Amino acid sequence: MVDTAQPGQPESNKHTQSLLVRGTINGSLAKDMVLGPLVVAFAVQVLGYSNGQISWFLSLIPLIVLVRYPFLDTIRTYPRIDVVKLSRYFQASCLIALLVLPLDWITVPVLFALAVWFIFGNEFLQNAVWMNLVAEVTSHQDRGRFLGRLRTWKQATNMAFSVVAFFIVGDHLSRGEHRVLLLIVIALLINSLIWYRSVPATPPPADIGTYSGRKQFWPILRRHPMMRRPLVLTFAIAVLQWPILIVYVVGSLNLPANLLMLTVSCSMLGSIVSEYVWGISADRLGIRRLFQVYFFGSLLISPLIFLWSDYGMIQTGSQSWFISTIALLIFYFATGVLNAGHQMAMSMYRAQFLDQQSGFHALNVLTAVNQLFVAALTGIGGIILVVLAEPTQVTDVFRVVTVVIMTATIVFGLWVTHGIRPHHAADKKRLSGNDGLIGLTSPKRGEQ
């Protein structure tokens, strides 16, 4: 990782950015072990959970974020990097518990309690301040490049982990294999803490301290510009992520654990090869174009879902196995590319609102509302999955419903994206005058 200063970028910011990159290479691996694909594999293949049990587990957990708001006035008074470091301790303690607890102790309530503990560290602490920390060490001119560099290295580590996991894990994840993966992620969290120790603990701006979020939840929800188009786009993207899809692939299509690791690798590879390009594109082309590419790309790859086979019904190495596996890997590679684009665009879009005094609270209200939406979405997806995908003879109905939902969401997302107003020169060259979309825009000052 070579430090590369941008023109006009303070040397201190350049150094801090480099430290953040080095300290963030653990990526989303800790979350994957507790709330993502790896916990699905652990729950289904090691603990023996049903599709219904893991679906409700994944749908209820996001609701914990709803009680974060009262803590924000306290959290925002501390240096952002100190809050992020504390979150690492919470994440590591959760993984250590999964490592040392006997298997018969990890019941549904225990796994739920560990997930709640993890959510506190990840959502109440880290994600409550992360975008503010990014805005603190970047400017509008170099933010896209910084995020591209940070995410490239982060995803490179994620991919290396998934490749290692592919060779470690067999067709079914075992307890011993799961423990090896836990140890790797714990080591990455320790590495993160080592680098973050050198990041300056800069106090939040003085004017932030004069704003109190008490009794502001509903006013922010009703009137803040972040609760308009940015929130609607967040909902649309959440639908396209279709969180129940991974449960379907592992639980209904019986995807072997080693192939699950390979799909994760492909997703990471897609992100790695595109992150820096997305960063440059965001700075040069504007976020509106990035959102459009994301939605059009999602439309193109959605039919690949129909090529996936039930791995419990086909022979390894057969023609059906190869067609299904290639379609699966292409889908997840393209998903990795597209996710990198929408994450870049969304991060920069939300950052436009953080200069306002209420920006910190508004971002967290948006996150809480989105988590409520994701919880409902996962619950509804779980019901659809149990009703449509359990009987083998009607498995394709679940896929049809999935593609129909995705297509409708893509059309809606393109319509919403069309009205993004210009923020920097790249956008202003493409947009002029009225940005349209009556009902999603507002003449109030500060809306983007």
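Does residue 237 satisfy the criteria of being in a helix (DSSP H, G or I) and surrounded by fewer than 20 Cβ atoms within 10 Å (Cβ to Cβ)? Judged against the criteria, residue 237 is not a match. Within the range 314-350, the residues that satisfy the criterion of being out of contact with any Leu (no Cβ under 9 Å at 6 or more places or on another chain) and surrounded by fewer than 20 Cβ atoms within 10 Å (Cβ to Cβ) are 314, 315, 316, 317, 318, 319, 320, 321, 322. Residues in the range 122-136 include at least one that is more than 19 Å from the chain's Cα centre (by Cα) and either within 22 Å of residue 76 (Cβ to Cβ) or not β-branched (Val, Ile, Thr) (or both). In the set (1) in a helix (DSSP H, G or I); (2) modelled with pLDDT under 85; (3) surrounded by fewer than 19 Cβ atoms within 10 Å (Cβ to Cβ), residue 275 fails one condition alone, (3). Figure legend. Inter-residue proximity from the range 232-243: first residues closer than 19 Å to residue 420 by Cα, second residues hydroxyl-bearing (Ser, Thr, Tyr) and open to solvent by less than 30 Å² (accessible area, probe 1.4 Å), beta-carbon distance below 6 Å, spacing 6+ or different chains. Indicated pairs: 236/409. Within the range 246-260, being in a helix (DSSP H, G or I) and either open to solvent by less than 10 Å² (accessible area, probe 1.4 Å) or of a type in the set (Asp, Glu) (or both) holds for 247, 248, 249, 250, 257, 260. Among the residues making up the range 143-160, those that are of a type in the set (Gly, Ala, Ser) and either modelled with pLDDT of 80 or more or surrounded by fewer than 21 Cβ atoms within 10 Å (Cβ to Cβ) (or both) are 156, 160. Just give me the residues in the range 351-371 being modelled with pLDDT of 85 or more and either of a type in the set (Gly, Ala, Ser) or open to solvent by 10 Å² or more (accessible area, probe 1.4 Å) (or both), in sequence order. Scanning the range 351-371 gives 369, 370. A Cβ distance below 7 Å, combined with a sequence gap of six or more or placement on separate chains, defines the contacts here; from the range 335-354, residues that are of a type in the set (Phe, Trp, Tyr) reach residues that are assigned to a helix (DSSP H, G or I) in the pairs 349/230; 349/287; 353/225; 353/226; 353/359; 353/362. Put simply, of 284, 288 the only residue that is surrounded by fewer than 23 Cβ atoms within 10 Å (Cβ to Cβ) and within 30 Å of residue 66 (Cα to Cα) is 288.
Kindly provide the set of residues from the range 185-200 that are among the small types (Gly, Ala, Ser), open to solvent by 70 Å² or more (accessible area, probe 1.4 Å) and under 7 Å from residue 23 (Cα atoms), ordered by number. Walk me through it before giving the result.
Taking the range 185-200 and keeping what is among the small types (Gly, Ala, Ser), we get 187, 192, 198.
Pick out the ones that are also open to solvent by 70 Å² or more (accessible area, probe 1.4 Å) and you get 198.
Scanning the range 185-200 gives no hits.
Considering the range 162-180, the residues that are touching a Leu at 6+ places or on another chain (Cβ under 9 Å) and either without any contact (Cβ under 8 Å) to a residue 40 or more places away in the chain or surrounded by fewer than 20 Cβ atoms within 10 Å (Cβ to Cβ) (or both) include one that is farthest from residue 25 (Cα to Cα), namely 171. For first residues located in the range 193-218 and under 18 Å from residue 126 (Cβ atoms), partners that are open to solvent by 40 Å² or more (accessible area, probe 1.4 Å) and at pLDDT 90 or above and lie 6+ apart or on another chain with Cβ distances below 6 Å form the pairs 195/22; 196/85; 201/82. When the residues of the range 381-434 are filtered to those that are among the small types (Gly, Ala, Ser) and closer than 26 Å to residue 144 by Cβ, the one that is modelled with the highest pLDDT is 413. Do we have residue 309 as hydroxyl-bearing (Ser, Thr, Tyr) and either out of contact with any helix residue (DSSP H, G or I) (no Cβ under 7 Å at 6 or more places or on another chain) or touching a residue at least 40 places away in the same chain (Cβ under 8 Å) (or both) here? The answer is yes for residue 309.
The values are calculated or read from the model by the stated rules, or taken from the named source; none is laboratory data. All of these numbers come straight from a predicted model, not from anything done at the bench. Backbone-built Cβ (ideal geometry, glycine too); neighbour counts: all protein chains shown. The accessibility values were calculated without ligands, DNA or RNA, using every heavy atom of the protein model including side chains. Shrake-Rupley method; radii C 1.70, N 1.55, O 1.52, S 1.80 Å.
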